[in-house]
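A short worksheet on the structure shown next.
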Amino acid sequence: MTREVEELVLEAGRTERHYWRDLWRYRELLYILAWRDIAVRYKQTAIGVAWALLQPLAQMVVMVVIFSKVANMPSDGGAPYALMVFAAMLPWQFFATSVSSASMSIAGNANLISKVYFPRLIVPAAAVVTSLVDFFIAFAILVALMLWYGYAPSWRMLTLPLFVLLALFAAFGPGLLITALNTEYRDFRYVIPFIVQFGLYVSPVGFSSEVIRERFGDALFLLYSINPMVGVIDGFRWAILGGEVPLHMPALALSFVLSAGFLALGVLYFRRLERSFADVV
């Protein structure tokens with residue numbers, strides 16, 4: 001049986017009219033790029049998959065020592081502090097890895113982009129999909145911690161896929177925006193590590209967001225929630241830890257709105273600069 005080959009015709013204005021249809025037509029390229037990145041990341045490395053486990057685990061230990069032992073910060077709902085921190089480390093690590101990987105994805109695929117037509121949006125999307133693999137690998141540590149502390153999940157765990165989807169939107173929007181900026185202005189790549197590192201400490205990863213709410217009130221807490229990762233992290237903790245862990249719905253709604261806004265802005269800016277990628281990479 002022979003497979004019918006679809007003819008691709010390039011003509012002026014066609015790419016704009018059929019761009020979103022072409023995203024679906026080139027979906028196999030998304031799988032190929034994601035699988036290639038996964039293979040490159042874990043093949044012929046000294047510790048392989050263990051790196052995806054050691055990095056969040058080491059950061060969790062540091063934050064537990066600083067915020068729990070030194071600063072005496074309270075935990076959420078009486079959950080073990082290490083478990084509370086790691087429940088936040090999962091979405092944050094996914095966000096940081098997605099933004100960092102996506103920012104260099106266009107420059108890293110310069111040969112492909114300069115020679116072949118396809119919707120360039122596929123390239124940073126593949127980088128984000130690759131980061132999901134790290135997320136699921138690190139999830140094994142969460143399961144191990146819950147078994148270690150004898151902390152059984154509640155029915156709320158069933159809602160976790162919704163918060164994973166929210167984390168995906170929260171990461172993809174800024175990822176597209178930074179990808180376009182980094183492609184147009186190469187010195188922007190030096191700013192990305194600073195942004196990621198700064199965001200780690202201003203987001204409620206090493207401490208409960210309830211600390212901010214109790215000390216500064218609901219109004220300033222809502223202002224603090226302009227950081228979309230606040231709602232994402234609180235959602236993860238609510239779903240994973242259960243019990244008395246609170247979920248501030250206005251902050252969650254704000255996180256959803258801002259994530260959608262960043263996604264729309266990222267797509268628009270990426271599409272605006274996409275035509276010039278082949279010339280500047």
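The values are calculated or read from the model by the stated rules, or taken from the named source; none is laboratory data. All of these numbers come straight from a predicted model, not from anything done at the bench. Note that each Cβ is placed from the backbone with ideal geometry, even for glycine, and that neighbours are counted across all protein chains shown. Heavy atoms of the whole protein, side chains included, go into the accessibility calculation; ligands, DNA and RNA do not. Shrake-Rupley method; radii C 1.70, N 1.55, O 1.52, S 1.80 Å.
Residues in region 92-109 that are open to solvent by less than 30 Å² (accessible area, probe 1.4 Å), within 15 Å of Asp37 (Cα to Cα) and out of contact with any Gly (no Cβ under 9 Å at 6 or more places or on another chain): how many?
3
Which residue pairs have Cβ atoms under 9 Å apart, sit 6 or more places apart or on different chains, and have a first residue in region 83-105 that is closer than 12 Å to Pro193 by Cα and a second that is surrounded by fewer than 24 Cβ atoms within 10 Å (Cβ to Cβ) and among the aromatic types (Phe, Trp, Tyr)?
Listed by first residue and then by second, the contacts come to Thr97/Phe135; Ser103/Phe188.
Take the residues in region 70-91 that are open to solvent by 10 Å² or more (accessible area, probe 1.4 Å) and part of a helix (DSSP H, G or I), then tell me which one is modelled with the lowest pLDDT.
Val70
Filter region 232-268 for residues that are open to solvent by less than 50 Å² (accessible area, probe 1.4 Å) and aromatic (Phe, Trp, Tyr); which is nearest to Val85 (Cα to Cα)?
Filtering first and then ranking leaves Phe236.
Report yes if Ala39 is at pLDDT below 80, assigned to a helix (DSSP H, G or I) and open to solvent by less than 80 Å² (accessible area, probe 1.4 Å), otherwise no. Walk me through how you get there before you give the answer.
Details: at pLDDT below 80: yes; assigned to a helix (DSSP H, G or I): yes; open to solvent by less than 80 Å² (accessible area, probe 1.4 Å): yes.
Yes, satisfied.
Considering region 95-113 alone, what residues qualify as being of a type in the set (Ser, Thr, Tyr) and either closer than 14 Å to Leu168 by Cβ or in contact with an Asp or Glu (Cβ under 9 Å, 6 or more places away or on another chain) (or both)? Working first, answer last.
Step one: list which residues in region 95-113 are of a type in the set (Ser, Thr, Tyr), which gives 97-98, 100-101, 103, 105.
Selection gives Thr97, Ser98, Ser101, Ser105.
All but one of (1) surrounded by fewer than 13 Cβ atoms within 10 Å (Cβ to Cβ); (2) in contact (Cβ under 8 Å) with a residue 40 or more places away in the chain; (3) of a type outside the set (Lys, Arg) hold for Ala170; which doesn't?
Result: Ala170 fails condition (1) only.
Out of region 204-231, which residues are open to solvent by 30 Å² or more (accessible area, probe 1.4 Å) and of a type in the set (Gly, Ala, Ser)?
Listed by number, the list holds a single entry, Ala219.
How about region 122-149: which of its residues are over 25 Å from Gly243 (Cα atoms) and either in contact with a Phe, Trp or Tyr (Cβ under 8 Å, 6 or more places away or on another chain) or open to solvent by less than 10 Å² (accessible area, probe 1.4 Å) (or both)? Walk me through how you get there before you give the answer.
So in region 122-149, the residues over 25 Å from Gly243 (Cα atoms) come out as 122-134, 137.
Matches in region 122-149: Ile122, Val123, Pro124, Ala125, Ala126, Ala127, Val128, Thr130, Ser131, Leu132, Asp134.
When you go through Tyr185, Tyr151 one by one, which is the residue that is within 26 Å of Arg120 (Cβ to Cβ) and of a type in the set (Ser, Thr, Tyr)? Don't jump to the end; show me each part of the working.
Values: Tyr151 fails: within 26 Å of Arg120 (Cβ to Cβ).
Just one listed residue meets the conditions, Tyr185.
Does any residue of region 60-68 turn out to be assigned to a loop (DSSP other than H, G, I, E, B), at pLDDT below 80 and out of contact with any Leu (no Cβ under 6 Å at 6 or more places or on another chain)? Explain how you work it out, then say what you get.
Kept after step one, since they are assigned to a loop (DSSP other than H, G, I, E, B), are these residues of region 60-68: none.
No, region 60-68 has no match at all.
Go through the residues of region 182-191 one by one and say whether even a single one is crowded, with 19+ Cβ neighbours inside 10 Å, part of a helix (DSSP H, G or I) and in contact with a Ser or Thr (Cβ under 8 Å, 6 or more places away or on another chain).
Yes, that holds for at least one residue.
Is there a residue being more than 24 Å from Gly78 (Cα to Cα) and in contact (Cβ under 8 Å) with a residue 40 or more places away in the chain anywhere in region 137-155?
Applying the first criterion (more than 24 Å from Gly78 (Cα to Cα)) to region 137-155 yields 137.
The next check asks that each one be in contact (Cβ under 8 Å) with a residue 40 or more places away in the chain; those that pass are 137.
Yes: one or more hits.
For region 28-35, indicate whether the set of residues that are over 20 Å from the mean Cα position of the chain (by Cα) and modelled with pLDDT under 75 is non-empty.
no
Could you list, in sequence order, all residues of region 242-281 that are modelled with pLDDT under 85 and assigned to a helix (DSSP H, G or I)?
Leu273, Glu274, Phe277, Ala278, Asp279, Val280
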